[in-house]
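Below you'll find the structure, written out as structure tokens, and then a few comments.
Derivation of every value follows stated rules applied to the coordinates shown; laboratory data play no part. Because the structure is a prediction, the values reported are computed rather than measured. Cβ: placed from backbone, ideal geometry, glycine included. Neighbour counts: every protein chain shown.
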Amino acid sequence: MENPTYDTTIVRSFVNWSILWGLVAILVGVLISFQMVNPDLNIAPWFTYGRLRPLHTNAGIYGWGIGSFMALYLYMVQRLCRTGLWSPTLAKVQLYLFNATIITAAVTLVLGFQTSKEYHEMEWPVDLMIVVLWVIFSVNIIMTIIKRREEQMYVSLWYMLASLVGVAILFLVNSAAVPVSLFKSYSAFAGTNDANVQWWFGHNAVAMVLTAPPLAIFYYFLPKSTGVPIYSHRLSIVAFWSLIFMYLWTGAHHLLWTPVPDWVQTLAMGFSVMLIAPSWGSVFNGYLSMNGQWHQMKENYLVKFLILGITFYGLQTLQGPLQAIRSFSAFIHYTDWVPGHVHMGTLGWVSLVIFAAIYYLYPRLCGTELHSIPLANLHFWLVLVGQLIYSVSMWIAGVLQASMWHAINPDGSLSFTFMETVVRLYPYWWIRALGGVLYLVGVLIFIYNIYKTAAKAQPQSVPATENA
Ligand code: HEM
Ligand code: HEM
């Protein structure tokens, strides 16, 4: 079979931009961590915590997360289908539109134009840009899969397809709104329906953005990095279908103890607990693929990123179902425990697998070796320790906060005022900020390493010689 030619420049450009947005997300994350301990840093309306927090979450999930997934999908789909992209031109248009959308979103968010729906803050004109962007992206990937020259569809392609279709449905439904001006719209849903639709969207953003794409990446790059195939293709497919089926029912676990009907909450709770099985299907598949290869944890820096990544995914998918149980939720909901959970996923699971994938492909796209493996190892340790400091400090803070909120005097009055509980959290917020700084230093080293690798690039189009 003749060797296909793969489009590599567009993948590199997407990687470069996603790294830039990742840096913005992390810088703003560190900044808002310091604003929590020093409110004087809220120096102007557009520079307040309230405006910067959505900038942080959107830059993290969409700029860094989706930007990297776009790059990696464009990379993986060509190799898994043994064919070039259906339309390289469309991929270029996608890159311009992606950056234009992220910039418009960032500017409007800091100016205070937003819907107040978490992870869907952008107002309707930005929503329209996102819809066009997603259609362009999906059409190109789906058409490339249709014209593939490899009969079998590897599990990564299934996760990619699920995320493309899933995000489209979730986004369109939750976008339904009535615009009253260029910068203001009102949701088409009201009251508990609005909350229910919002968290059906919100939790499935976790499924379709922070779970399915990193799994696609993990399943592709683990065998690539170790040089041995995945333990069980069948297990990966069974886990895939059960995960996709179960996730869609779990959104209301964000609305436990609210006026949403009890049966809806119970359904969400049940499905959340059941989600342990398909999630751990992938975790076991990853671990069992390492049979006879565990020595690579010491020798191969890529494997370290990937195996720690899937380990955090495993812990996250045990902690998540626990949080979805009513009695546990009553304790930790609204506390700092939750950002601890979130950042084990975003900094541990999602970012670690993205780092591994970029380390794997970037030197290959440049036709050279990585500038420095010791620096990559240093990056690994800094982000690992930084993330652990972040999550562990927030879990302790969350338990302390919850205990103080629930403490009651013999006469039935509350033992602590709300302000007393806030003051007690300061040390933990300092520790979180420190963890954030360590993580940031790790990411700066990563960027330096990639930059130096790019500087060594050989001017060539990389031929398609790898096996998918
Ligand atoms: C079996 C899988 C999972 C379950 C059942 C689950 C469950 C939950 C629950 C119940 C909450 C709400 C906590 C509260 O506010 O009381 C939550 C929050 C959250 N989870 Fe998970 N989780 C899972 C996996 C993940 C993964 C893999 C990620 C990836 C990063 C993630 C990201 C988030 C985020 C971003 C929030 C915060 C939402 C907000 O803004 O309130 N979760 N999760
Ligand atoms: C060193 C890096 C980071 C630091 C210091 C940081 C810091 C923060 C802080 C202070 C908050 C507000 C927590 C609160 O409401 O009390 C937050 C929220 C959040 N961050 Fe980060 N962050 C970092 C990286 C990231 C990245 C890379 C992502 C996404 C890929 C991300 C996603 C989120 C999300 C989804 C929330 C909302 C959590 C919730 O509602 O419970 N963060 N972050």
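If you wrap a convex hull around the Cα atoms of region 239-322, how much volume per residue is inside, in Å³?
Working: hull volume 7.2 nm³, N = 84.
Residue-normalised Cα hull volume stands at 85 Å³.
Please list the non-local residues whose amide H lies under 5 Å from the amide H of SER187, H modeled 1.01 Å from N, same-chain partners needing a gap of 5 or more.
VAL178
Looking at the chain, what % of the alpha carbon pairs are farther apart than 43 Å?
For the chain, the fraction of Cα-Cα distances above 43 Å is 12 percent.
Using a basic spin-label model with each label point 7 Å from the Cα along Cα→Cβ, how many nm lie between ALA100 and ASP262?
Those two pseudo-labels are separated by 5.3 nm.
Karplus couplings for region 67-80 from phi (6.51 cos²θ - 1.76 cosθ + 1.60, θ = phi - 60°), rounded to Hz, Gly and Pro as x?
For region 67-80, the Karplus curve yields x, 5, 5, 4, 4, 6, 5, 5, 6, 5, 4, 5, 6, 6 Hz.
Report Rg/Rh for region 328-468, rounded to two decimals, where Rg is the Cα radius of gyration and Rh the Kirkwood radius.
Working: Rg = 21.7 Å, Rh = 17.8 Å.
So for region 328-468, dividing Rg by the Kirkwood Rh gives 1.22.
What are the extents of the Cα atoms of region 343-400 along their three principal axes, listed from largest to smallest and rounded to whole Å?
The Cα atoms of region 343-400 stretch 52, 19, 8 Å along the principal axes, largest first.
Net charge near ASP127, counting Lys/Arg +1 and Asp/Glu -1 over other residues with Cβ under 14 Å of its Cβ?
0
Test of understanding: express the Cα radius of gyration of region 1-118 as a ratio to 2.2 N^0.38 Å, with N the residue count.
Computed over Cα atoms of region 1-118, the ratio equals 1.32.
Could you state the number of Å between the C-alpha centres of region 182-228 and region 300-377?
After rounding, the separation between the Cα centres reads 16 Å.
Could you give the radius of gyration (one decimal) and Dmax (whole number) of the Cα atoms in region 196-282, in Å?
Cα only, region 196-282: 15.2, 52 Å (Rg, Dmax).
Using alpha carbons only, how many angstrom separate the centre of region 244-284 from the centre of region 38-108?
28
Using Cα atoms only, what is the angle between the long axis of helix 373-406 and the major principal axis of the chain, expressed in degrees (0 to 90) to the nearest 10?
Here the helix axis deviates by roughly 20 degrees.
Taking a temperature of 20 °C and a viscosity of 1.002 mPa s, what whole-number D in µm²/s does Stokes-Einstein yield for region 16-75 with Rh from Kirkwood over alpha carbon pairs?
The Stokes-Einstein estimate is 179 µm²/s.
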